[in-house]
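A short write-up of the structure that comes next.
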Amino acid sequence: MLAELAVWAGVQADPAARRLGYAKAAVSLWSRRRRCHKAWSGHEANTRDFALSVTQDCERRDRLWLLGGGTLADLPLAELSTQFKHVLVFDIAWLAPARRLARQFSNVELRLADVTGVVGPLAEWRASLPLPIPSARALIELDDVPPDCVLSLNLLSQLPLLPMEHVQKQGVSRTGAESFGRAILQAHLDGLRALACPVGLVTDARRIWHSRAGEVIMSENALLGLGLPPAEREWRWPVAPRGEIDNESSLDITVQALHWRNEA
């Protein structure tokens, strides 16, 4: 508890992000990883390996964008910092441990950014008003200099969660919230498609809950039904082993990874 309070005290996030719960979510992620680091190690290693495989497709190596930094545990920063002149890591909240880790690399820069473009407007939104319209421009305009490679890692499925929760608290129906969530997902994919460089995507694809006996209790699409092209790689992530949620169930994620090259 004391360690978590210390981390909480060092969260960097703007007021809108705090209001929607992103600072709290960042601390919760850090705390869960501490508890589940052994169970998560394979997933993090797979993510790092895939990220490095995508960068092999890069002709120019001036600027790399990493979307979704989190704890930085799934990013091969040491290798990437030697491959690229500038490594920009974007996330909506940063914890002190991640900032300390990034300072080991002189060309790695952590930037506060809302890659959806809807968090600021949502913080001021009222139920009598139309919902903000997610746009690919929020991603495309993250930096003035175009990237030579972009990696969206373990981020896509998380983008709509807190915005959906926020609008439902304001009275939006579940159906309306899910429609809004799908628009956020689609805008991120459209933004990735619009960047003229190699792009790598690692994302949750399916959530599967198991009973103590190993039987499937429930399974759901992690992308609100949005489809992706066939995955190049796929693996299981035991995100919440039994005892993390409760003593009777566990949660596994099916993770998919794919990459493509966008032409200018």
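The values are calculated or read from the model by the stated rules, or taken from the named source; none is laboratory data. Remember, it's a predicted structure, so these values are computed and weren't measured experimentally. As a convention, Cβ positions derive from the backbone with ideal geometry for all residues, glycine included, and neighbour counts pool all protein chains shown. SASA here: full protein model, heavy atoms, side chains in, ligands and nucleic acids out. Shrake-Rupley method; radii C 1.70, N 1.55, O 1.52, S 1.80 Å.
One table, with the values for the structure above:
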{"item": "Mean accessible surface per residue for the chain, computed with a 1.4 Å probe while every protein chain stays in place, in Å²", "result": "48"}
{"item": "Whichever lysines have a C-alpha closer than 22 Å to that of K24, once near sequence neighbours (fewer than 8 apart) are set aside", "result": "K169"}
{"item": "More than 36 Å apart - percent of Cα-Cα pairs taken over the chain", "result": "10"}
{"item": "Neighbourhood charge, 13 Å Cβ-Cβ cut-off, centred on K38 and excluding it, Lys, Arg +1 and Asp, Glu -1", "result": "+2"}
{"item": "For segment 104-175, with +1 on Lys and Arg beta carbons and -1 on Asp and Glu, the positive-most of L156, H166, S135 along the dipole", "result": "H166"}
{"item": "Net charge of neighbours whose Cβ lies under 14 Å from the Cβ of D144, counting Lys and Arg as +1 and Asp and Glu as -1", "result": "-1"}
{"item": "Label zone at S219 (point 7 Å along Cα-to-Cβ), backbone N below 18 Å, segment 149-170", "result": "none"}
{"item": "Globularity index of segment 1-107, i.e. its alpha-carbon radius of gyration over 2.2 N^0.38 Å", "result": "1.14"}
{"item": "Burial order of peptide ranges 168-180, 86-98, 247-259 (average beta-carbon count within 10 Å, highest first)", "result": "86-98, 247-259, 168-180"}
{"item": "Span-rule helices in the chain, defined as complete DSSP H runs reaching 15 Å or more along the axis (Cα) with Kyte mean at least -1.0", "result": "22-55, 174-194"}
{"item": "Ranking by accessible area, most exposed first, for M218, M164 with a 1.4 Å probe", "result": "M218, M164"}
{"item": "Scattering curve values for segment 128-264, log₁₀ I(q)/I(0), Debye with Cα scatterers, q = 0.10 Å⁻¹", "result": "-0.41"}
{"item": "Global geometry of segment 81-172, whether rounded, prolate or oblate, following the gyration tensor of its Cα atoms and the 1.5 cut on a/c", "result": "prolate"}
{"item": "Sum of -39500 (n - 2.57) over DSSP H runs of 4+, divided by residues of the chain (222 nm, nearest 500)", "result": "-12000 deg cm²/dmol"}
{"item": "Zone of K169's modelled label, taken as backbone nitrogen in segment 8-38 under 12 Å from a point 7 Å along Cα→Cβ", "result": "17-25"}
